[in-house]
Amino acid sequence: MSTTVTWREIDLGGSVAGGTSEKYKTGNWRVEKPVIDYEKCVRCLICWLYCPEPAIIRNGNEVKIDYDYCKGCGICAEECPRKAITMVPEEI
Amino acid sequence: MSKTNPVSKISDLPEESKFRPGHRLCAGCGPAITAKLITLAVPEAIIVNATGCVEVGTTIYPYSAWKTPWVHVLFQNNAPVASGIAAALEKLSAEGRAKKLPVIALGGDGATFDIGLGAISGALERLDKIIYICYDNEAYMNTGIQRSGASILGSATTTSPAGRVIPGKQENKKDLIGIVASHHIPYAATATIWLWRDMVNKIRKAVNYSEQGPAFLHILAPCQFGWRYEPHLTVKISRMAVETRLFPIYEVEDGQLKINFRVSKPAPVEEYLKIQRRTRHLLESRNAETLQRLKAWIEWNWLRLENLEKAGKVF
Amino acid sequence: MMTEALARQHRIALTGNDAVAYAVKQANVDVISAYPITPQTFVVETLSRYVNDGELNAKFINVESEHSALSAVIGASLAGARAFTATASQGLAYMWEALYAASGLRLPIVMALAARALSAPINIHNDHSDFFGMRDAGWIMFNGEEAQETYDLTIMAFKIAEDPRVLLPVVVSYDGFIVSHAITNFYALNDDVVKEFLGVRTTGPRIDPDNPRTFGVLALQDSYFEFKRQQYEAMENSRQVIKEVFQKYEEISGRSYAPLKEYMTSDAETCIVAMGSTVGTARHAVKTLREAGEKAGVVGILQYRPWPVKEAEQLFSRFKRIIVMEKVMSPGARAGPVYEDIAATIYPKHSEVKIIDFTYGLGGRDISTRGIIEIYKKGKELIDKGKTDRVYFHGVRGE
């Protein structure tokens, strides 16, 4: 957190606004990244359903991986019924 | 609160979950999937989280993954804190001083099976209008994989290691739903993430029941870190736990037990045990006796549930 | 008492426990959760009766332990309710971790404590071991000497706790059995007067679905200290708020309160310091000592946390000798907690003042006027001989 926030400004009694974790990016945890082959994708939403982050953004039945948060666990690739997601090594 | 209806398709769920990314739970975390599915099942709810992985991993100041009211107080008191919130909201909403929302007490197996069980029993006995959800990852993962009352027979944890003399935990998993259902509450059920529809609909059912009294869910949430398997296998492991009959899926509604996922031909449990380093040692010949005991327990437990189902309203 | 103030109240005879329950009913609390324990039990029994008879529109949560009692009250308070609990002794000890959670979350909870000894060995009678055990938990701590003070403090406790400058839990302690079970006459404010004085709770942390917040974050090395420093400041702020509430309460009740209660102190050379029901007995002892020509006085502690630093310095620096009587034992310490607070307040600035510490009354061992006179004489003598380097015991066989 910011080291400029003093006790005078800090939130009351150990509380914080909900949903603020989005400001914390976890994408750099990844060693492999999932890549969706949209040709094979049948928009079943299984990957979206099981993503633990959630780092798969859904728009209707369309899905997109949000690499800002994806930790590269590979559940999406494992569970995809069409094998439309492959895990590729993260470039250095 | 309005009644919620069952969902049938994934697309029936809200597009965005109130469980937000940026949390610090492990890659491939089963409890994280559980938390997300809870908020997709019931977007408008107050979550009272016991101390544990989900609590510490999602609310490191100044960040919180919860876009819904969320509270943590202590380890063993999520049930009574939830009871207090539910009671207060009932009183204040009747006076137009607050909005009533479902109150979900969320806790791991440490909080639920062990340290908080007395307090949970109190809330259930009082018929407090709360939903209790246990995400069970079968050991104290937050402190680094110590044995809990939920750890399965033979599993290696840091306080029940697979030693040369004693091959892991020597006791069976506690019958949580048996204890809970014996309070004769309106609804109690098991679920796991693989069977997402069953799980989501049970959560929604629990919310509906919570207007009458407590509803309880025991959700198996595999932990790649503590069970020591490859992170991408979390959902698969959840599936195998069901298909081996190690984790039966059932509910107790109005005193009647019902098996919701009938496993007619159980998969060999060895397949399940061998892909996890917490249980792989059970396949060594010197640990055959423990393996045999585990298999006997699985068989007995399934038969027990079938008998309870046939027996009628026994809870 | 002024006629005007009298018109706002009525005379009533109740036990200390029932006086607390009566105040809680008048405060219109929204949620009560408590677990029975001697000598507090009558508080929860009476409150349950008020709720079940429809005299108090509150939710009463019959929990299975004190740990859950304070937990349920914490939940209710987070939901915006005015919430109350009561306990004693082991019950308070069992609440221990939740005490810190209540103050750390900045919840304006009020708790009544019928002070009782702690096990082992088990004992149900009065001393102040439980009360002092929660010293550093971040609660505002009051001690009522009898039913009147206890009743008044309970009502004022809600006002102080809920003040936006404070938002801290408050405990009102009173001696088990001696106060909790003794029926006395006192003045109670009329219901409408209390209602106007307190209103409904509108301040403090609150669950709001339209503005979802996370309460009880994991605060690590980079934020925990700031949260605790903020909490410390709230306790400091409470000094002024308590003063204002005492003032406002005097305006409506005609009863005047101060953190330290003085009796014959104006020209006193030797002062007895006590807390709780002993203060009344000490006044009687001092009256007797005065008749024998002793320049004796009494200071009773009403407000223990925040410790009234300025008032204490001003007052205690005036005496030659201070004899502290404590119904609590702090094994291995230089002295008991009250001695240490007084010493820390006046030393080294007023090093001419000498203090001595007596432990007495543990487990309900009776203290009489004669006993206090003995302590006074012995204390005075020991101070004059310079033998103040240890804690003395009064009333224990073999000393």
Among the residues of region B:114-137, which ones are assigned to a strand (DSSP E or B) and open to solvent by 10 Å² or more (accessible area, probe 1.4 Å)? none
Taking the conditions exactly as written (open to solvent by 50 Å² or more (accessible area, probe 1.4 Å) and in the same structural domain as residue C:320 (by TED's automatic domain parsing)), does residue C:277 satisfy them or not? no
Would you please name the residue that is nearest to the other protein chains (Cβ to nearest Cβ), looking only at residues in region B:2-40 that are part of a loop (DSSP other than H, G, I, E, B) and among the acidic types (Asp, Glu)? B:15
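Rundown of residues vs (1) open to solvent by 20 Å² or more (accessible area, probe 1.4 Å); (2) under 21 Å from residue B:17 (Cα atoms); (3) modelled with pLDDT of 95 or more, yes/no style:
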{"site": "A:55", "(1), (2), (3)": "no, yes, yes"}
{"site": "A:61", "(1), (2), (3)": "yes, yes, yes"}
{"site": "A:67", "(1), (2), (3)": "yes, yes, yes"}
{"site": "A:71", "(1), (2), (3)": "no, yes, yes"}
{"site": "A:74", "(1), (2), (3)": "no, yes, yes"}
{"site": "A:79", "(1), (2), (3)": "yes, yes, yes"}
{"site": "A:82", "(1), (2), (3)": "yes, no, yes"}
{"site": "A:86", "(1), (2), (3)": "yes, no, yes"}
{"site": "A:90", "(1), (2), (3)": "yes, no, no"}
Filtered residue count, region B:62-86, keeping only those that are open to solvent by less than 10 Å² (accessible area, probe 1.4 Å) and at the interface with another protein chain (Cβ under 7 Å from one of its Cβ atoms): 14
Checking residue C:14 against (1) within 14 Å of chain B (Cβ to nearest Cβ); (2) farther than 29 Å from residue B:72 by Cβ; (3) aliphatic (A, V, I, L, M), the condition it does not meet: (1)
Identity of the residue in region C:116-147, β-branched (Val, Ile, Thr) and more than 30 Å from residue C:10 (Cβ to Cβ), that ends up surrounded by the fewest Cβ atoms within 10 Å (Cβ to Cβ): C:122
Does residue B:156 satisfy the criteria of being crowded, with 23+ Cβ neighbours inside 10 Å, more than 18 Å from the chain's Cα centre (by Cα) and hydrophobic (A, V, I, L, M, F, W, C)? yes
Scan of region C:209-236 for residues that are open to solvent by less than 70 Å² (accessible area, probe 1.4 Å), assigned to a helix (DSSP H, G or I), within 11 Å of chain B (Cβ to nearest Cβ) and under 16 Å from residue C:102 (Cα atoms), ordered by number: C:227
Subset of region B:279-298 [assigned to a helix (DSSP H, G or I) and either closer than 11 Å to residue B:246 by Cβ or in contact with a Gly (Cβ under 9 Å, 6 or more places away or on another chain) (or both)]: B:281, B:282, B:287, B:290, B:291, B:293, B:294, B:295, B:297, B:298
The one condition in (1) in a helix (DSSP H, G or I); (2) of a type outside the set (Phe, Trp, Tyr); (3) open to solvent by 10 Å² or more (accessible area, probe 1.4 Å) that residue B:43 fails to fulfil: (1)
Quick check: anything in region A:77-86 of a type in the set (S, T, N, Q) and either in contact with a Ser or Thr (Cβ under 7 Å, 6 or more places away or on another chain) or at the interface with another protein chain (Cβ under 7 Å from one of its Cβ atoms) (or both)? no
Taking residue B:264, is it more than 14 Å from every other protein chain (Cβ to nearest Cβ) and either among the charged types (D, E, K, R) or loosely packed, with under 14 Cβ neighbours inside 10 Å (or both)? yes
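Which members of region C:9-49 meet the condition of being within 19 Å of residue C:81 (Cβ to Cβ) and open to solvent by 20 Å² or more (accessible area, probe 1.4 Å)? Steps first, please.
Narrowing region C:9-49 to residues within 19 Å of residue C:81 (Cβ to Cβ): C:20-21, C:23-35, C:43-44, C:47-48.
Answer for region C:9-49, where residues must be within 19 Å of residue C:81 (Cβ to Cβ) and open to solvent by 20 Å² or more (accessible area, probe 1.4 Å): C:25, C:28, C:35, C:48.
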Out of all the residues in region C:29-37, is one or more away from every other protein chain (no Cβ under 14 Å), under 21 Å from residue B:80 (Cα atoms), touching a strand residue (DSSP E or B) at 6+ places or on another chain (Cβ under 9 Å) and not in a helix (DSSP H, G or I)? yes
So is residue B:58 modelled with pLDDT of 95 or more, farther than 18 Å from residue A:66 by Cα and either surrounded by fewer than 24 Cβ atoms within 10 Å (Cβ to Cβ) or facing chain A (nearest Cβ under 8 Å) (or both) or not? yes
Counted residues in region B:57-113 being of a type outside the set (A, V, I, L, M) and either part of a loop (DSSP other than H, G, I, E, B) or out of contact with any helix residue (DSSP H, G or I) (no Cβ under 9 Å at 6 or more places or on another chain) (or both) come to 21
Yes/no for residue C:277 being touching a strand residue (DSSP E or B) at 6+ places or on another chain (Cβ under 9 Å) and either closer than 30 Å to residue C:10 by Cβ or at pLDDT below 95 (or both): yes
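Here are C:379, C:363: which of them is on the phi > 0 side of the Ramachandran plot and not hydroxyl-bearing (Ser, Thr, Tyr)?
It is C:363.
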Suppose we keep only residues that are more than 9 Å from residue B:22 (Cβ to Cβ) and open to solvent by 60 Å² or more (accessible area, probe 1.4 Å) within region A:13-31. Which one would you say is farthest from the other protein chains (Cβ to nearest Cβ)? A:28
Given the structure, is residue A:47 closer than 19 Å to residue B:9 by Cβ and of a type outside the set (Lys, Arg)? yes
If you go through C:150, C:202, C:154, the only one that is open to solvent by 20 Å² or more (accessible area, probe 1.4 Å) and not in a strand (DSSP E or B) is C:202
Go through region B:199-247 and report how many residues are assigned to a loop (DSSP other than H, G, I, E, B), within 14 Å of chain A (Cβ to nearest Cβ) and open to solvent by 30 Å² or more (accessible area, probe 1.4 Å). 1
For residue B:166, only one of the following conditions fails: (1) within 19 Å of residue B:273 (Cα to Cα); (2) crowded, with 20+ Cβ neighbours inside 10 Å. What is its number? (2)
Going by the structure shown, is residue B:304 open to solvent by 60 Å² or more (accessible area, probe 1.4 Å) and modelled with pLDDT of 95 or more? no
Yes or no: region B:195-212 includes at least one residue that is closer than 30 Å to residue B:287 by Cα and of a type outside the set (Asp, Glu). no
Could you tell me how many of the residues in region C:237-275 are under 17 Å from the mean Cα position of the chain (by Cα) and assigned to a helix (DSSP H, G or I)? 7
Candidate set from region C:292-308 (those that are in a loop (DSSP other than H, G, I, E, B) and not basic (Lys, Arg)); member that is most open to solvent (accessible area, probe 1.4 Å): C:292
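The values are calculated or read from the model by the stated rules, or taken from the named source; none is laboratory data. For clarity, every value in this text was computed on a predicted model and none was experimentally measured. As a convention, Cβ positions derive from the backbone with ideal geometry for all residues, glycine included, and neighbour counts pool all protein chains shown. Just so you know, the surface numbers come from the protein's heavy atoms only, side chains and all, with ligands and any DNA or RNA stripped out. Shrake-Rupley method; radii C 1.70, N 1.55, O 1.52, S 1.80 Å.
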